[in-house]
Structures are given as structure tokens and as C-alpha cells.
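The values are calculated or read from the model by the stated rules, or taken from the named source; none is laboratory data. None of the values given here were measured: they were computed from a predicted structure. Backbone-built Cβ (ideal geometry, glycine too); neighbour counts: all protein chains shown. To get the accessible areas, we keep the full protein, side chains included, count just its heavy atoms, and leave off ligands, DNA and RNA. Shrake-Rupley method; radii C 1.70, N 1.55, O 1.52, S 1.80 Å.
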Amino acid sequence: MSTANGSVERLAQMIRDARSAVALTGAGISVPSGIPDFRSPGTGLWESVDPMEVAHIEVFRRDPKRFWSYYRPRFGALADKQPNPAHAALAALESRGLLDAVITQNIDRLHRKAGSNRVIEVHGTIETSSCLDCAASFTLDLVEGLFDDEGVARCHGCGGPVKPDVVLFGELLPERAMNEAYALAAGADLLLCVGSSLEVHPVAGLPAVTRSAGGAIAIVTKGPTPYDQEAEIRLDGDVVDDLEALLAAL
Ligand code: ZN
């Protein structure tokens, strides 16, 4: 076993040597920004409800009032969150020409807020919401003004139900974003996985895509992942500490 410091040095070297390094991030990178990983038990906002029961496309279609009564407070809470130094470290790597893109499962837009330019949001984003009937698009700051007396966000134009542009349970992932993610993973000689347990498919398949194309994977995540044995680098400390150490080593 190498020490954490030795691993950070090695990871820094791999990033310097990589022709293409790509980051893949999950909920763990936003936890220091005060956004709980909803799959972790006992995390406040999520405690009383099973997200799969309400954040589901069928619930939205059948009962948008129920969906929004659950989702509206969450939406509001996410809107105010700010990026943390781990997001900033990935943005700094990109601006220094050391990272090609960030593929993220997060919908919180914190990578963009931190200054990352090429961000592939495979689960969508809270940045916009769309009318399901006429496809009108509303930015996040407008959505709060769309709610009717029942607590359902309704389109100004046609009155149709407005849904956040995030992938709900029961929905397919956006095809264009997934194609871009697969192409990046296949072309990366280093896939830097940060704050993801790498268990939610199909994103969980991306490290295997990189590996089978001859690339290496590095994992900076608390807790086990299915790829721990295959990872060239495995860090499981605090995500902010690890990425700041990495930045300092470059
Ligand atoms: Zn509409």
C-alpha cells in the first residue's frame, strides 16, 4: 500500500502524462457544499420519503402536485448552494489544460458555477425546466414564479405542467449527453472518478469503457466502489483535501 501522499504524487504524474484526462463526478463532490447524498440514510431532506416513490416520471404525469410538493423545497435548497474547493480544483485543472471535461451525475450545476466549461450532465440539470406540452423552457430563477394555487409549476404560455430538466426515475438518460460521455470515456487515458460510488448505471459502466480502451482509472471517493481492484490510484480521504493536494502537486 502506498501512502496517500505517494498516491497524490503519482496521480499528479498521471495527469501530466495523460493526453486526455476526464473527470467523472457524483454526489460525493457536492457533499462539502451542503448537498446530502440522497442514497445515504439519515440525511435530513430525504429522510421521510423514498425519492423513487415521488421523483418518478409516472408520479409527475399522474400527480404533478405530489411531485412538486416533494421537489419544490429541494429545488429551492439546491438553487442557493455554492461550489466548494473540490469543484474549483477540477475547474483549475481544465483551465490549465490538464483536464478535457467533467462528466457528472449531479444536477446541481456547481461544476459550471465553479468555472468548468465542458460539463456533461448525464442526469440533467436544475438550470432549466420545460413545459411538457409546448416545450417552452424556463430558467431556474423563473420557476418559482410559475406555481399555481395547487403548488404545480405551470407554463405561462399554455398552462401545461412544467418539469425540471433533470432525469427522473423511470426516464431514459439524455442520449446526446450519454454519447458524449461514452466517447470521452473511450478516448481518455485517465478517467478521474470523484465522489461517486460508481454503482448507478449506465454511468457506472464508464470506467469499464476507459479500461477496455486501454486507459487507466483513478478513484477519489469515500467508501468502496466496484472498480477498486482495477484502479491505478485509490484515495478515500476527504474529497476537498485530496483534490487540493492534487492541485498543489501539479
Ligand atoms: Zn407550455
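Brief remarks follow.
- In the chain, the longest principal axis of the Cα atoms and the axis of helix 64-79 are about 50 degrees apart.
- Each listed q (0.17 Å⁻¹) maps to a log10 I(q)/I(0) for the range 99-231 from the Debye sum over equal C-alpha point scatterers, namely -0.92.
- The chain - percent of accessible surface contributed by carbon and sulfur, probe 1.4 Å: 50 percent
- Computed over Cα pairs, the Kirkwood radius of the range 92-153 leads via Stokes-Einstein (1.306 mPa s, 10 °C) to a diffusion coefficient of 117 µm² per second.
- Among Met14, Met52, the sequence by solvent-accessible area, most first, with a 1.4 Å probe is Met52, Met14.
- The radius of gyration of the Cα set in the chain, together with its Dmax, comes out at 18.8, 61 angstrom.
- In order through the range 115-127: 3J(HN,Hα) via Karplus (6.51 cos²θ - 1.76 cosθ + 1.60), integer Hz, x for Gly, Pro: x, 5, 9, 9, 10, 9, 9, 6, 9, x, 8, 7, 4
- For the range 46-146, the convex hull spanned by the alpha carbon atoms encloses 120 Å³ per residue.
- Selection from Ala86, Ala114, Thr125 lying farthest towards where the dipole of the range 82-125 points positive, charges on Cβ: Ala114
- Averaging Cα coordinates gives a centre for the range 87-108 and one for the range 139-192; these two points are 20 Å apart.
- Between helix 175-187 and the chain there is an angle of about 0 degrees, using the helix long axis and the longest principal axis of the Cα atoms.
- Full extension of the chain segment joining Ser95 with Leu146 gains 14.6 nm, where the gain is 0.36 nm per residue of separation less the Cα-Cα distance.
- With all protein chains kept in place, the per residue accessible area of the chain amounts to 46 square angstrom at a probe of 1.4 angstrom.
- FRET efficiency for the pair Arg16 and Asp238, taken as 1/(1 + (r/R0)^6) with r the Cβ-Cβ distance and R0 = 30 Å, rounds to 0.80.
- Label-point separation in nm, Ile57 to Leu172, each point 7 Å along Cα→Cβ: 0.8 nm
- Cβ-based net charge around Tyr70, under 12 Å, with every Lys or Arg adding one and every Asp or Glu removing one: +1
- Rounded to the nearest 20 debye, the dipole magnitude of the chain is 300 debye, with +1 charges on Lys and Arg beta carbons, -1 on Asp and Glu beta carbons, and the Cα centre as origin.
- In degrees, nearest ten, helix 239-248 long axis to first principal axis of the chain (Cα): 50 degrees
- The range 85-118 residues near the modelled Glu180 label - backbone nitrogen below 17 Å, point 7 Å along Cα→Cβ: 91, 94-95, 99-118
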